[in-house]
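The values are calculated or read from the model by the stated rules, or taken from the named source; none is laboratory data. Model, not experiment: these values are computed from the prediction. Reconstructed Cβ throughout: ideal geometry from the backbone, glycine too, with neighbour counts over all protein chains shown. Please note that ligands, DNA and RNA were not included when accessible areas were found on the heavy atoms of the full protein model with its side chains. Shrake-Rupley method; radii C 1.70, N 1.55, O 1.52, S 1.80 Å.
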Amino acid sequence: MTDKKDDFIFGLRPVIEAIEAGKTIDKVFVQNALQGDIYAELKTILAKNKIRPNYVPVEKLNRFTRKNHQGVVAFISDVPFHKIEDIVPQLFEEGKTPFLLILDRLTDVRNFGAICRTAECVGVDAVIIPEKGAAPINSDAIKTSAGALYNVKICKEPNLAHVVDFLQQSGISVFAASEKAQKLIYDVDFKEPCAIVMGNEETGISKEVLHHADDKIKLPIEGKTQSLNVSVACGAILYEAVRQKMTAIPNP
């Protein structure tokens, strides 16, 4: 069964059918210790499609719906997902300078939607998010993005640290936004192939991703409030990158 208002499907057979029909699955929540033949079938299909389920207590599933979910709830998305390993070579083949954005475990749907709106406006080639711990890409996210989520490529990846390594091996510099950074955003070169990392609203960028980044950058803060909303901070950084890219283009 489905609930279009909340963008989810529940029940073993409906989730299996949705995956087999090619629906974009954002997240799958499975009850701990679930068993049975139909669940075994679902488990095989999830593995075949490289969808990693989140195993949770039944109480969490009951918060999604009070109907008979049979131990499985899947959130669906109208937005297709891409693989960064496919996008980067394509960008270089097209003669483009890759401009990427990594969002490390952002959980607020409206922040995510607003950031994707800005990213699409400034010409970001792809937004990379983790498979687990990220805001759902649902109707609220699409609405907040003003539809931009339909126009910017979203890559959902199992390990962001591995993504950072892949980008660096591809000749792309990775800049991590951190309040503890020494460099301001004006002190680094965004004109070359680059990716910018923004972190979780509460805990920032994970230590693993931060460790792998080429450099750490920050915005100047002059007031008593020592932090900015992540969407506002991301917008300021992206537009500094755009300013640098524009000044690098020779006048006709």
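Structure notes:
- Residue that is farthest from Ile87 (Cα to Cα) [pool: residues in segment 152-170 that are open to solvent by 20 Å² or more (accessible area, probe 1.4 Å) and in a strand (DSSP E or B)]: Lys156
- Residue, most open to solvent (accessible area, probe 1.4 Å), within segment 136-151, restricted to residues that are out of contact with any Leu (no Cβ under 9 Å at 6 or more places or on another chain) and either in contact (Cβ under 8 Å) with a residue 40 or more places away in the chain or of a type in the set (Val, Ile, Thr) (or both): Tyr150
- Qualifying residue in segment 17-40 (condition: closer than 23 Å to Ala148 by Cα, open to solvent by less than 80 Å² (accessible area, probe 1.4 Å), aliphatic (A, V, I, L, M) and free of Cβ contacts under 8 Å to residues at least 60 places away in the same chain): yes
- Residue match in segment 146-155 (condition: farther than 17 Å from Ile102 by Cα, small (Gly, Ala, Ser) and out of contact with any Cys (no Cβ under 6 Å at 6 or more places or on another chain)): yes
- Any hit, segment 62-82, residues being touching a Ser or Thr at 6+ places or on another chain (Cβ under 7 Å), small (Gly, Ala, Ser) and farther than 24 Å from Thr203 by Cα: yes
- Some residue of segment 117-135 being more than 22 Å from Ile51 (Cα to Cα), open to solvent by less than 10 Å² (accessible area, probe 1.4 Å), without any contact (Cβ under 8 Å) to a residue 40 or more places away in the chain and not β-branched (Val, Ile, Thr): no
- Hey, Arg13 without any contact (Cβ under 8 Å) to a residue 60 or more places away in the chain and closer than 30 Å to Ala148 by Cβ or not: no
- Conditions (1) farther than 15 Å from Phe81 by Cβ; (2) within 13 Å of the chain's Cα centre (by Cα): number failed by Phe190: (2)
- Hits in segment 143-156 - residues which are among the aliphatic types (A, V, I, L, M), within 18 Å of Arg105 (Cα to Cα) and out of contact with any strand residue (DSSP E or B) (no Cβ under 6 Å at 6 or more places or on another chain): Leu149
- Scanning segment 171-212 for residues that are among the aromatic types (Phe, Trp, Tyr) and open to solvent by 20 Å² or more (accessible area, probe 1.4 Å) gives a single hit, Tyr186.
- Pairs are defined by a Cβ separation below 9 Å, a sequence spacing of at least 6 or placement on different chains, a first member in segment 162-178 that is on the phi > 0 side of the Ramachandran plot, and a second member that is at pLDDT 95 or above; the pairs so defined are Gly171/Phe92; Gly171/Pro98; Gly171/Glu192; Gly171/Pro193.
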